[in-house]
Amino acid sequence: MFDVSLNRLLKLSRMQKRAVQLGADSAVILTSFLLAMFLRLEGVGFLTSTGVWIAILITLPVSLLVFNWHGFYRTVIRYISLQSMRPILIGVAVSALTLLIVSQVLILGVPRSVPAIYGLLLFCLVGGVRMVMRSLLLRLTGSRRVPVIIYGAGSSGRQLLSSLDQGQEYRVTDFIDDAAELQGTDICGVRVHGPEDIARLVKHRQPEITLLAVPSASRSQRKAIVERLEPLPVRVQTIPGMADIVSGRAKVSELRDVAIEDLLGRDPVPAMPALMAGNIRGKVVMVTGAGGSIGSELCRQIIRQAPSMLLLWELSEHALYTLDMELRDIVEAERLDVSILPLIGSVQNPERISAALHRYGVQTIYHAAAYKHVPLVEQNVDKGLRNNVFGTKTVADAAIDAGVEAFILISTDKAVRPTNIMGASKRLAELVCQAAAERQSGTIFTMVRFGNVLGSSGSVIPRFRKQIAKGGPITVTHPDITRYFMTIPEAAQLVIQAGAMGEGGDVFVLDMGKPIRIVDLAERIVRLSGLTSYHLAEGEDPGDQMAGDIAISFNGLRPGEKLFEELLIGEQVGKTQHPRIMTAKEAKLAPEALDDLLDQLLMACQSRDVVAMRELIVKAPTGYKPDAQIVDLLWDGALHAAPTMLQAGQ
């Protein structure tokens, strides 16, 4: 019955609610005055005194006007807080002072001590009524809100609790914190527990979400927390990182899914300032493929190393526009003195590349432009080779001609013993740079090789999350497929530092940590979504068995795809001054031999002879072992029916 009445009260208009509050406060003021008189005089004889009633009749409207002037009736009761007590205290003080002045000036028979008693009672009743109403409203709405647990009872956790209390979506049941001094205490009425209580709390409270409020924790610490929560049947979300909160890019209350880097748990090694600035500070820098995942992050980090000018070379108009606007916002916000030049162009256009390098006196090139999606390059072989191989040669030749000081090629782990055209093309690009380093000494050529980056346009993580949002199934190519992973910012930072260590023809390999099974990654993402997963055999329908919430199906390796990737071709690995950057000694091809190979490869590309292209790459020192299947969408086997090494199985 009470809840029904409260619901009716909530449905009143704003003016009706103000009228109710005015009526309630009038009753509270009258009650406080009468109770103060009774306590002072120890009887009710004062009720027959005309002066007493004149005093309250004057004090009442004045008090209500003061209350209204101080915003009592603009405050929404459900959002009232301790900060609201200050205007209540001021309003009550003015009301008590009014009673004192009126009663003494007009000699109305009200004892001088009554206003003080009245003020104390009025403050307790006015504030108390509002807090009681707030508690009742929260109790009413709390039953409809999603129960959550906050991990982290520090300042961020308390801010998050305050934000959630103001909303209608979540109800915080408990805090979890590693700090022993906080455990067992209450924060704003919410008990703080130790990590060992998580399983018990999840079982009894049945929260739908556990919110991580530890933005300043290191990645390894966050990984330990996530691993503790992962087995429990509860979704895990997090607030933004401390850097985003401090910079104003995000608020504590902006909840996000757990970043996949929290699952890797590898803390980045602090950058070496001298290496970060070596090829950049005060120089004119160009990034090709600037709009891509790695290219754009390189640009973000480069502008903070104070180059005199940054040239953004990109074929996609949309990607270039988006990056250009973002970088200009960063330059303005951080007051950086960097000129940014957006250039639309292909790396296969020698005239435009050469014009840009000569006109602006480019000193450093980070060559990130490449087609990198394995299935797409397998289906468009000649375009993949033209862009990744001949595009690299075009930029390299133009760099030598323009006197560029440093050329850094962004390579890939797929270049090691490749089974696909994309990896083979990147290995050929490495050979192009190695030969260019031998031809001359004016431009230092460096190659940096690493594996998959998290959050790139080709990353499996966003795809997995979309598949989970649709109810599954999650598609994985093979149960045993593994990949190396690194965050984009860490990869870009290491590329810049490796490039500064190059002496000419160096191949640097980034330490990617341990490879991760893709199916394990998929299962962890499902668990952190508060769901369970089960495996489907190839061709099996998800409806055939329901052993969990999200099915994981295996659809077989794609053409050219490997079960695992490698970072090194040979065994000759050397250390550098950076603990996560290694050097590799790889086979080379003499410049004259490379020129002959590229001439033949270009002819094969022009005729779209995929078999010939594959044979030429096999002959080169690439380690390429192609899949027997050709899936190029424009290749016509009937036009190339002559026996070849590949067709004969040689």
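Counted by Cβ distance under 11 Å from Leu589, the other residues give a net charge of -3, where Lys and Arg count +1 and Asp and Glu count -1. For segment 442-530, GluC sites (Glu not before Pro) are listed when DSSP marks them as loop and at most 10 other Cβ atoms sit within 10 Å of their Cβ; the list is Glu503. Model label sites at Thr322 and Phe564, defined 7 Å from Cα along the beta-carbon direction, differ in position by 3.5 nm.
Cα gyration tensor of segment 314-363, axes a ≥ b ≥ c as square roots of the eigenvalues: rounded (a/c below 1.5), prolate (a/b > b/c) or oblate?
oblate
The Ser441 and Glu208 beta-carbon pair, evaluated with R₀ = 41 Å, returns a calculated FRET efficiency of approximately 0.05. Within a straight-line Cα-Cα reach of under 16 Å, Lys575 can be paired with the following aspartates and glutamates, leaving aside sequence neighbours fewer than 8 residues apart in one chain: Glu503, Asp506, Asp511, Glu586. Ignoring lysines fewer than eight residues from Lys625 along the same chain, the ones with Cα atoms less than 22 angstrom from its Cα are Lys372, Lys383, Lys414, Lys426, Lys562, Lys585, Lys588. Given axes a ≥ b ≥ c from the Cα gyration tensor, I'd like to know whether segment 187-231 is rounded (a/c under 1.5), prolate (a/b larger than b/c) or oblate. In terms of gyration-tensor shape, oblate.
Of the peptides 435-443, 88-96, 293-301, the ranking by mean beta-carbon count within 10 Å, highest at the top, reads 293-301, 88-96, 435-443. Only lysines eight or more places from Lys283 in sequence, or on another chain, were considered; those with a Cα closer than 26 Å are Lys393.
Every number here is computed from the coordinates shown, using simple stated rules; none is lab data. These numbers were taken from a predicted model, which means no experiment stands behind them. Cβ atoms come from the backbone with ideal geometry, glycine included; neighbour counts cover every protein chain shown.
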